[in-house]
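The values are calculated or read from the model by the stated rules, or taken from the named source; none is laboratory data. Source: prediction; values computed, not measured. Reconstructed Cβ throughout: ideal geometry from the backbone, glycine too, with neighbour counts over all protein chains shown.
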């Protein structure tokens, strides 16, 4: 079997690494279709399915090693794993993720069909379905899904309220398919064939720009002043008992220093079980919230009488105490999959509370400060179809996170972009309170209206509107884009097997 040429493998890895520039923090959204078109061109040059698979794997390694290198930071700097082992685990994780583009590369050469069908329909649809699969397989890791690169500035972001993240991914990859065909060496000879595809491509992008002007939801009519607290508690200090008193005092001072109706603390802002927090402390926070005629949302772990413990957010203030418990847990961070097999490896990690229980999937919005708030914790906001479970009832989205685990990496900016996609999909404000960054207010158009500098202790205060109504994505979820992908794959097989005249 022919071995892939090293130069082509290096090019594939370089293209994958360059793709990361299309995401936050650089946000060069226009680079994404060009990068994927370059990948498609490499696949078109491959002579065997095996060679195309290796090219896809090399692209994936460049893509994920560059884009999720912060996994190493989490394992080594804060998880206390030996650096060599942390690097090996990170590389193995990226290699697993790279299997997805490797499979697409293999299929692109294994299946014979007309070029436009293959590169404009089949490959984009199959790629999109595999990205959806990556978002739930083994509890899911949808980070760096191609569609995120288009939020919020790209014309394709206009499709987010209609087709969601996966619809944007499909259109982005179809764009790459058209570009790859027009950039082929024989493209000038095929201009008559590819001209209609270029016109259709322009129409798709212009329609996306037009969709960005559509208002899918409307304000409820009330304005709400919110304060998002960023405590900037260093991760290596957060869970130390000798720092607990100082942490509680810091957050009490931040809470009592603002007059906003809704005050939001980050994930596990209080690093102590709720039942062990002095009742007088909770009453101080609640009394201040009542003075503001509002409520405060507090991230705090709960331990129930049966022994189970949850990553929770509780409300204190004018309304009765309510609770949201995280349901989509982080593997190895909040629960240990395959514990008999992986227990020894996990025991090396200095991660507190590794056995959280899952909250219910049908939790309802919290009734606080005159609004109905859909709370999600940490990377729960990476799963769009889970966010819309509380919609259209919810008028605001709130995400509380602690990404101090990833140090001074690009992870916080990437996470902010993910939250921007959720705001676009739902037509709601997304309020993000984080420990070290990025604490931000995102409007229903996905634009950041206010953001706190990273690694600073501060209160971010802003005025927002509750929103009502439902975008098409809220009503239908991922069904339309996934059904469209399935239909496209079916049609490509059907049309490619029709006898030609």
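Numbers below:
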| quantity | calculated |
| --- | --- |
| In the range 246-270, the residues that are buried (at least 17 other Cβ atoms within 10 Å of the Cβ), in contact (Cβ under 8 Å) with a residue 60 or more places away in the chain and assigned to a loop (DSSP other than H, G, I, E, B) | 258, 260, 261, 265, 266, 267, 268, 269 |
| Every residue from the range 299-323 that is in contact with a strand residue (DSSP E or B) (Cβ under 8 Å, 6 or more places away or on another chain) and closer than 17 Å to residue 370 by Cα | 314, 315, 316, 317, 318, 319, 321, 322, 323 |
| The range 194-230, residues that are surrounded by fewer than 12 Cβ atoms within 10 Å (Cβ to Cβ), outside any loop (DSSP other than H, G, I, E, B) and under 26 Å from the mean Cα position of the chain (by Cα) | 210 |
| Near pairs, Cβ below 9 angstrom, 6+ apart or cross-chain, from the range 1-12 (surrounded by 19 or more Cβ atoms within 10 Å (Cβ to Cβ)) to any residue that is at pLDDT below 90 | 12/4 |
| Residue 178 assigned to a helix (DSSP H, G or I), in contact (Cβ under 8 Å) with a residue 12 or more places away in the chain and touching a strand residue (DSSP E or B) at 6+ places or on another chain (Cβ under 7 Å) | no |
| Residues satisfying the stated conditions in the range 146-162, i.e. closer than 17 Å to residue 418 by Cβ and surrounded by fewer than 23 Cβ atoms within 10 Å (Cβ to Cβ) | 152, 153 |
| Positions within the range 429-474 being part of a loop (DSSP other than H, G, I, E, B), in contact with a helix residue (DSSP H, G or I) (Cβ under 8 Å, 6 or more places away or on another chain), in contact (Cβ under 8 Å) with a residue 60 or more places away in the chain and buried (at least 21 other Cβ atoms within 10 Å of the Cβ), in sequence order | 435, 436, 437, 444, 446, 471 |
| Scope the range 231-245; condition part of a helix (DSSP H, G or I), over 17 Å from residue 299 (Cβ atoms) and without any contact (Cβ under 8 Å) to a residue 12 or more places away in the chain; matching residues | 241, 242, 245 |
| Residue in the range 371-381 that is closer than 19 Å to residue 139 by Cα, modelled with pLDDT under 95 and assigned to a loop (DSSP other than H, G, I, E, B) present | no |
| Subset of the range 67-92 [surrounded by fewer than 19 Cβ atoms within 10 Å (Cβ to Cβ) and closer than 14 Å to residue 144 by Cα] | 69 |
| Every residue from the range 304-324 that is closer than 11 Å to residue 274 by Cα and surrounded by fewer than 16 Cβ atoms within 10 Å (Cβ to Cβ) | 304 |
| Failed condition for residue 27, given (1) under 26 Å from the mean Cα position of the chain (by Cα); (2) under 11 Å from residue 105 (Cβ atoms) | (2) |
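Conditions (1) in contact with a strand residue (DSSP E or B) (Cβ under 6 Å, 6 or more places away or on another chain); (2) not assigned by TED's automatic domain parsing to the domain that holds residue 288, marked per residue:
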{"position": "207", "(1), (2)": "no, yes"}
{"position": "228", "(1), (2)": "yes, no"}
{"position": "247", "(1), (2)": "no, no"}
{"position": "250", "(1), (2)": "no, no"}
{"position": "253", "(1), (2)": "no, no"}
{"position": "260", "(1), (2)": "yes, no"}
{"position": "264", "(1), (2)": "yes, no"}
